[in-house]
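Below: the structure, in structure tokens.
Please treat every number below as a calculation from the coordinates, not as lab data. In this text the structure is predicted, and so the values were computed from the model without any measurement. Cβ: placed from backbone, ideal geometry, glycine included. Neighbour counts: every protein chain shown.
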Amino acid sequence: MKNEQFAPSFLKIDPNNKIPALLDAGFSVFESGAILIYLAKKHQQFWASDSAERIKPLRWMFFQAGSQGPMLGQAHYNFGNSRTKKSIMGSSVTVKKPIGFTA
């Protein structure tokens, strides 16, 4: 359904009207990183008991959420809306750098 994330019923699950969101037995979880942590802990999988081991995947998850994710969104928006070359290049460089591409 188009614009479902703006419906009052969805806003009860995620007041930020963003996807993904999860409703589990009346408990809502939103934001992809929070959902992954919630599911890993709930099902006792992919969640190391040792804090040094547990932090390893979390570093990359938060890097993606704070860097790659927003930049991919901007790059998609800029390309899709024919933005300036400068804005497209800025998004592209940030997206490509961690995966081994250079500008």
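Here are the numbers for the structure shown:
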quantity: Ascending count of other beta-carbon atoms within 10 Å, so fewest first, for ASP24, ASP14, ASP50; calculated: ASP50, ASP24, ASP14
quantity: Whichever aspartates and glutamates have a C-alpha closer than 18 Å to that of LYS18, once near sequence neighbours (fewer than 8 apart) are set aside; calculated: GLU4, GLU31
quantity: Theoretical gain in end-to-end length, SER49 to LYS12 [0.36 nm per residue, Cα-Cα removed]; calculated: 10.1 nm
